[in-house]
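First up is the structure itself, then whatever we jot down about it.
The values are calculated or read from the model by the stated rules, or taken from the named source; none is laboratory data. The shown structure was predicted, so the numbers you read here are calculated from the model rather than taken from an experiment. Cβ atoms come from the backbone with ideal geometry, glycine included; neighbour counts cover every protein chain shown. Note: accessible area is taken over every heavy atom of the protein model, side chains too, but ligands, DNA and RNA are not part of it. Shrake-Rupley method; radii C 1.70, N 1.55, O 1.52, S 1.80 Å.
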Amino acid sequence: MLERKHLFIRSSFLLLLLFTLTSCGSLTKSKNCLVKRAAFDIGSGSTKMTLAKVNTCTNKIVEVFFEDQAAVSYKQSLYDNKNSFNKEIISQGISELKELKQTAVELGVTEFSALATQAFREATNGESSLEKISEEIDIEIRIINQELEARFGYLGAKVKHPFADDEKILVWDIGGGSMQMTFVEDGKYHTYLGNLASVSFKESVLKNLYKGKKGSPNPLGKTRAKQARVLARFFAKGNVDKEVQEYIKTARVFGIGGVHYYSVKNQALEKGHIYNQTQLRIALNKRSKLNDKKIGGKFAATDVTNIALVLGFMEALGIRKVEALKVNMSHGLFLDKASW
């Protein structure tokens, strides 16, 4: 009887020891899977940085723990310098990226990845400029095509708002130099890829409504605000793919990027993140009376025309409301295994 008792105790001890070792192994493995990463979205009007803890074993974001951005007007520089970046804008870009990277390092980030978009695709010296920036900040930067930009934006929206695969969703991304509308149906991505965006639309307003005036269109005024809406509406109806136009009529529309989340939302709403056509019409009427100084901020020149752009597209495509999400392409970049 005593021998059986000792045997039971020994067996229990061995099982406990095995459980403890297995648990420690799992904890160690889990801990080793976690890394802190920084993803940079070098857009046409601003550079965004997102820091996150990522489980590399499951390829999932555990926590987004810091976000920041800096205004760098790469796209405007192309309009001002015959489609080429000047030394000043590249120096500014390097300076802002160094500061963002330093913040990331201080917060314990060990892995970095960066993508550049429309302005660098378009510039005559885009590749050489990016090589210089990359060398200065010691981070490899890739120029991606607009189709990948759309896909990263869609994935980023899904990270921040995990909608179901069968839910009818369209992600609408507006940057400084390009616009993407993306939905997934039967596992396949469908996209509208356009070059009318924040800075390019502002320049279009200056060209068509001011006969080539340079700088800022503000104060836009009531008449020109209405004309700008018509300009956006006409463009949307004639350029957005028919399958996207059909899908969007009954889809839930998420707006991502700085134009939706910061510019338009903050001008149209005192609180919340969902805006409709009526709210944008009221905001456009009020804001069109203001000059850059009264509008304030680094993006004052494009803020009011952003409302006209978004409202014109909503009217043309039958979009009743937009849910603005604090998402940019960098959120989707975390899930791209090839980028790390």
Exercise. With runs of 4+ DSSP H residues as the only contributors, calculate the mean residue ellipticity of the chain at 222 nm using -39,500 (n - 2.57) per run, divided by the residue total and rounded to the nearest 500.
Key: -15500 deg cm²/dmol
Quiz item: So, how do all the Cα-to-Cα distances of the chain break down into 10 Å bins, in percent, from 0 on up?
Solution: 5, 24, 30, 21, 8, 4, 3, 2, 1, 0, 0
Quiz item: Which whole-number percentage describes the relative contact order of the chain, with Cα contacts under 8 Å and a sequence gap of 6 or more?
Solution: 18 percent
Quiz prompt | Positive-end residue, the chain charge dipole about Cα centroid, Cβ charges, pick of Ser200, Ile139, Gly296 | solution = Gly296
Practice problem: Beta carbons within 10 angstrom, averaged per residue: use that to sort the peptides 205-215, 126-136, 318-328, highest first. | Solution: 318-328, 126-136, 205-215
Self-check item: Solvent-accessible area, 1.4 Å probe, carbon plus sulfur percent, for the chain
Solution: 52 percent
Quiz item: Over segment 163-252, what lengths in whole Å, largest first, do the semi-axes of the equivalent ellipsoid take, defined as the square roots of 5 times the eigenvalues of the alpha-carbon gyration tensor?
Solution: 31, 12, 11
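In Å, what Kirkwood hydrodynamic radius results for segment 252-316 from the alpha-carbon pair distances? Walk me through the numbers before you get to the answer.
Values: mean 1/r = 0.0840 Å⁻¹.
Kirkwood radius, segment 252-316: 11.9 Å.
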Exercise. Just the ratio, please: alpha-carbon radius of gyration of segment 211-340 over 2.2 N^0.38 Å, N its number of residues.
Key: 1.13
Quiz item: How large are Rg and Dmax for segment 148-299 when only the alpha carbon atoms are used, in Å?
Solution: 16.3, 49
Practice problem: Work out the length of the dipole vector of the chain about its Cα centre, built from +1 on the beta-carbon of each Lys and Arg and -1 on the beta-carbon of each Asp and Glu, and round it to the nearest 20 debye. | Solution: 1340 debye
Self-check item: Charge dipole of segment 196-340 about the Cα centre (unit charges at C-beta), most positive-ward option of Gln267, Gly332, Thr223
Solution: Thr223
Quiz prompt | Distance (nanometres) between label positions extended 7 Å along Cα→Cβ at Asn145 and Val35 | solution = 2.7 nm
Exercise. Compute the long axis of helix 222-239 from its Cα atoms, compare it with the longest principal axis of the Cα atoms of the chain, and write down the angle in degrees, 0 to 90, nearest 10.
Key: 60 degrees
Self-check item: Surface per residue (accessible, 1.4 Å probe) for segment 260-328, Å²
Solution: 46 Å²
Quiz item: Under a plain spin-label model, where a point goes 7 Å from the Cα along Cα-to-Cβ, how far apart in nm are Cys57 and Phe234?
Solution: 6.0 nm
Exercise. Only bridges with both residues in the chain count here: give the DSSP antiparallel percent, nearest 5.
Key: 65 percent
Exercise. Measure off 7 Å from each Cα along the Cα-to-Cβ vector at Asn83 and Lys160, then give the distance between these two points in nanometres to one decimal.
Key: 3.3 nm
Quiz prompt | Computed FRET value (nearest 0.05) for Ser91 with Glu243, which takes r as the C-beta separation and R₀ as 51 Å | solution = 0.70
Quiz prompt | Selection from Val62, Leu97, Cys33 lying farthest towards where the dipole of segment 33-98 points positive, charges on Cβ | solution = Cys33
Self-check item: Separation between Cα centres of segment 234-299 and segment 84-130, rounded to whole Å
Solution: 27 Å
Self-check item: Debye, to nearest 20: dipole size of segment 146-284, +1 on Lys, Arg Cβ, -1 on Asp, Glu Cβ
Solution: 1080 debye
Quiz item: Once the Cβ-Cβ distance between Asn291 and Ala70 is put in as r, and R0 is 22 Å, what FRET efficiency do you end up with, to the nearest 0.05?
Solution: 0.35
Quiz prompt | Principal axis box of segment 94-231, alpha-carbon based, largest edge first, Å | solution = 52, 43, 28
